[in-house]
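Student: Have a look at the structure that comes next, please.
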Amino acid sequence: ERHIARATEGDPRFASFYRVDPWGNVLFPHADPETGLVVGFEIKNKGFTSFAPGGRKTFWTSEIRTDDHRLVIVEGSIDVLSYHQLFPHPRARYLSTGGTVGRNQLELIGRVIAAMPAGADVVSATDNDAGGMELHEQLVGVAGSVALRRHVSAVPKDWNDYLRSRDRARSEREHRLERQTKQRLREDAR
């Protein structure tokens, strides 16, 4: 339903950083940056998004590699996978805020931004709506001297909405071409 390709799901930068529970929920862990211990997790399922009751939001991150030179910040983990599928980059790491953020969470994200190498491309790919713009402005506030490049979906809302709209348009185009080809074959057969 989310149109995430198996290759994206299995990409080593993501595959070890989420789990599927017995009910089919996809769990994206938020860890304490100091201890590395999981303190909460985003929960995604068909038509369902939540955060672990009693959990603490920090952020979810993909694998961190020493040669990463891009940081992409989005609001939801599904949008991380969608963004990477749309705009793959071999030296990118991804961070999901898990939705709206509090002051402590912003401070933690500010530290992640500051830890990127000098000259790194830091992309604020928050939702294309009022909440996404507000979060972008909050991120600019904690980024210090690091410039954030804003990148929003061409359709309202988020990157998964954009991915699904592209796939639907492609599918409709393919069906139209298939119908036209069959029509031509029938005409040629006459």
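The values are calculated or read from the model by the stated rules, or taken from the named source; none is laboratory data. If you're wondering where the values come from, they're calculated on a predicted model, not measured in any experiment. Please note: Cβ atoms are built from the backbone with ideal geometry, for glycine as well, and neighbour counts cover all protein chains shown. When the accessible area is computed, the model is the full protein with side chains, heavy atoms only, and any ligands, DNA or RNA have been set aside. Shrake-Rupley method; radii C 1.70, N 1.55, O 1.52, S 1.80 Å.
Student: Report yes if Leu135 is touching a helix residue (DSSP H, G or I) at 6+ places or on another chain (Cβ under 8 Å) and either at pLDDT 95 or above or basic (Lys, Arg) (or both), otherwise no.
Tutor: In short, no.
Student: Something else now. Mind checking which residues of the stretch 49-84 are in contact (Cβ under 8 Å) with a residue 60 or more places away in the chain and among the small types (Gly, Ala, Ser)?
Tutor: Those that are in contact (Cβ under 8 Å) with a residue 60 or more places away in the chain and among the small types (Gly, Ala, Ser): Gly76, Ser82.
Student: Check the stretch 9-17 and report whether any residue there is among the hydroxyl-bearing types (Ser, Thr, Tyr), within 17 Å of the chain's Cα centre (by Cα) and modelled with pLDDT under 95.
Tutor: Within the stretch 9-17, one or more residues are among the hydroxyl-bearing types (Ser, Thr, Tyr), within 17 Å of the chain's Cα centre (by Cα) and modelled with pLDDT under 95.
Student: Open to solvent by less than 70 Å² (accessible area, probe 1.4 Å), of a type in the set (Lys, Arg) and either without any contact (Cβ under 8 Å) to a residue 40 or more places away in the chain or over 20 Å from Thr126 (Cα atoms) (or both): does that describe Arg91?
Tutor: For Arg91, the condition - open to solvent by less than 70 Å² (accessible area, probe 1.4 Å), of a type in the set (Lys, Arg) and either without any contact (Cβ under 8 Å) to a residue 40 or more places away in the chain or over 20 Å from Thr126 (Cα atoms) (or both) - is not met.
Student: Hey, another quick one. Can you find a residue that is assigned to a strand (DSSP E or B) and either surrounded by fewer than 21 Cβ atoms within 10 Å (Cβ to Cβ) or of a type in the set (D, E, K, R) (or both) anywhere in the stretch 73-85?
Tutor: no
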